[in-house]
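Novice: Mind having a look at this structure? Questions to follow.
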Amino acid sequence: MLIREFRVVLPLSLEEYHVGQLYSVAEASKNETGGGEGVEVIVNEPFEEDGKKGQFTHKIYHLASKVPKVIRMLAPKGALEIHEKAWNCFPYCKTIISNPDYMKEGFYIEIITIHKEDDKGLIENIHDLPPDLLAKRAVLHVDIVNDPVDARDYKPEWDPTKFKSEKTGRGLLKPDWKDTSQPLMCAYKLVKCEFKWWGLQGTVESRIQKVYPRLFRNFHRQVFCWIDKWYGMTMEEIRAIEEEAKRELDKQRRDGEVRGTSEQ
């Protein structure tokens with residue numbers, strides 16, 4: 001098992017991030033869906049369990065071109081459907097990613113996210129890991145301004161150094177933005193990954209873990225640079241957007257061309 005903790009700081013409050021993250025998930029899903037691939041929303045509903053309340057979602061990712069070539073070469077037709085189940089009790093969220101129809105217990109990713117207000121990502125063990133897991137954990141800081149961005153992913157409108165919000169005045173972020181921006185918050189994302197195909201375990205686990213910095217970096221650049229689209233929205237408005245996005249995703253999967261991020 002590989003364990004990585006990704007720390008993503010944003011110039012947002014917790015309340016703002018909650019709205020912006022949900023809006024951006026819906027928008028990003030549309031950007032990744034088309035031509036038979038992409039996101040299918042199975043369930044999106046409130047839940048209450050063991051004293052916790054939040055929103056439960058179950059999605060299926062029809063991947064094909066969106067997984068590393070080494071997996072595409074080995075996987076039979078129909079195997080490249082990844083299930084994501086998430087329990088969002090913001091500021092806590094648990095996500096389980098699996099492939100129950102083919103790899104079953106052989107593939108499993110768990111992502112536990114804790115969001116903290118007024119935080120630069122410096123809390124040493126926010127997930128309270130025991131000593132044995134703490135020794136295996138590696139920490140990676142994802143910086144939406146200073147990290148290099150793959151040329152395949154770069155768009156000026158998603159660049160926090162070039163964007164300035166008309167609604168909030170935030171933007172045109174400088175290299176020292178974490179020291180000069182207010183508000184601030186951090187998403188601490190603990191990712192545990194297991195892949196139990198003999199002979200490929202280490203290679204695929206490492207590749208999967210390398211993909212996450214790219215995904216987290218691109219997504220959170222979008223969250224910030226889309227702020228004028230979602231700023232001030234209510235949760236009721238967000239749920240309506242999610243419902244409309246579900247209908248659009250169903251249509252895009254049936255029609256059009258493959259879109260979004262691909263893997264070689």
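The values are calculated or read from the model by the stated rules, or taken from the named source; none is laboratory data. Just so it is clear, the structure is predicted and the values come from calculations on it, not from any experiment. A quick note on method: Cβ atoms are made from the backbone with ideal geometry, for glycine too, and the neighbour counts reach across all protein chains shown. What goes into the accessible areas is simple: the full protein's heavy atoms, side chains included, and nothing from ligands, DNA or RNA. Shrake-Rupley method; radii C 1.70, N 1.55, O 1.52, S 1.80 Å.
Novice: Taking ASP153 and the conditions (1) at pLDDT below 95; (2) open to solvent by 30 Å² or more (accessible area, probe 1.4 Å), which numbered condition does it fall short on, given that it satisfies the others?
Specialist: Every listed condition holds for ASP153 apart from (2).
Novice: Moving to a separate point now. What number goes with the only condition from (1) of a type outside the set (S, T, N, Q); (2) loosely packed, with under 15 Cβ neighbours inside 10 Å; (3) not in a strand (DSSP E or B) that TYR212 does not pass?
Specialist: (2)
Novice: Name the residue, out of PRO175, PRO183, that is within 30 Å of LEU134 (Cβ to Cβ), modelled with pLDDT of 95 or more and open to solvent by 20 Å² or more (accessible area, probe 1.4 Å). I'd like the intermediate steps shown before the answer.
Specialist: Details: PRO175 fails: within 30 Å of LEU134 (Cβ to Cβ).
That would be PRO183, the only listed residue that is within 30 Å of LEU134 (Cβ to Cβ), modelled with pLDDT of 95 or more and open to solvent by 20 Å² or more (accessible area, probe 1.4 Å).
Novice: A further question follows. Can we say GLU5 is surrounded by fewer than 16 Cβ atoms within 10 Å (Cβ to Cβ) and either of a type outside the set (Gly, Ala, Ser) or free of Cβ contacts under 8 Å to residues at least 12 places away in the same chain (or both)?
Specialist: For GLU5, the condition - surrounded by fewer than 16 Cβ atoms within 10 Å (Cβ to Cβ) and either of a type outside the set (Gly, Ala, Ser) or free of Cβ contacts under 8 Å to residues at least 12 places away in the same chain (or both) - is not met.
Novice: OK, next. Here is a check on your reading of the model: is THR161 open to solvent by 40 Å² or more (accessible area, probe 1.4 Å), within 23 Å of the chain's Cα centre (by Cα) and of a type in the set (S, T, N, Q)?
Specialist: Considered against the rule, which asks whether it is open to solvent by 40 Å² or more (accessible area, probe 1.4 Å), within 23 Å of the chain's Cα centre (by Cα) and of a type in the set (S, T, N, Q), THR161 comes out as yes.
Novice: I would also like to ask the following. Considering each of LEU249, LEU190 in turn, give the residue that is modelled with pLDDT of 85 or more, assigned to a helix (DSSP H, G or I), of a type outside the set (Asp, Glu) and touching a Lys or Arg at 6+ places or on another chain (Cβ under 9 Å).
Specialist: LEU249
Novice: Select from the range 10-43 the residues that are in a loop (DSSP other than H, G, I, E, B) and open to solvent by 20 Å² or more (accessible area, probe 1.4 Å) and write down the one among them that is nearest to MET185 (Cα to Cα).
Specialist: My answer is SER13.
Novice: Going by the conditions given, is TRP226 out of contact with any His (no Cβ under 7 Å at 6 or more places or on another chain), open to solvent by less than 40 Å² (accessible area, probe 1.4 Å) and of a type in the set (A, V, I, L, M, F, W, C)? Walk me through how you get there before you give the answer.
Specialist: Values: out of contact with any His (no Cβ under 7 Å at 6 or more places or on another chain): yes; open to solvent by less than 40 Å² (accessible area, probe 1.4 Å): yes; of a type in the set (A, V, I, L, M, F, W, C): yes.
Considered against the rule, which asks whether it is out of contact with any His (no Cβ under 7 Å at 6 or more places or on another chain), open to solvent by less than 40 Å² (accessible area, probe 1.4 Å) and of a type in the set (A, V, I, L, M, F, W, C), TRP226 comes out as yes.
Novice: Also: Considering (1) among the hydrophobic types (A, V, I, L, M, F, W, C); (2) in a strand (DSSP E or B); (3) at pLDDT below 95; (4) open to solvent by 20 Å² or more (accessible area, probe 1.4 Å), say which one PHE56 fails and leave the rest.
Specialist: The number of the failed condition is (3).
Novice: To continue, here is another question. Within the bounds of the range 66-75, is there any residue that is closer than 24 Å to ALA245 by Cα and either surrounded by 19 or more Cβ atoms within 10 Å (Cβ to Cβ) or at pLDDT below 80 (or both)?
Specialist: Yes, because at least one residue in the range 66-75 is closer than 24 Å to ALA245 by Cα and either surrounded by 19 or more Cβ atoms within 10 Å (Cβ to Cβ) or at pLDDT below 80 (or both).
Novice: Filter the range 148-187 down to residues that are closer than 24 Å to LEU14 by Cβ and in a helix (DSSP H, G or I), then give me how many there are.
Specialist: Going through the range 148-187 one residue at a time, the tally reaches 5.
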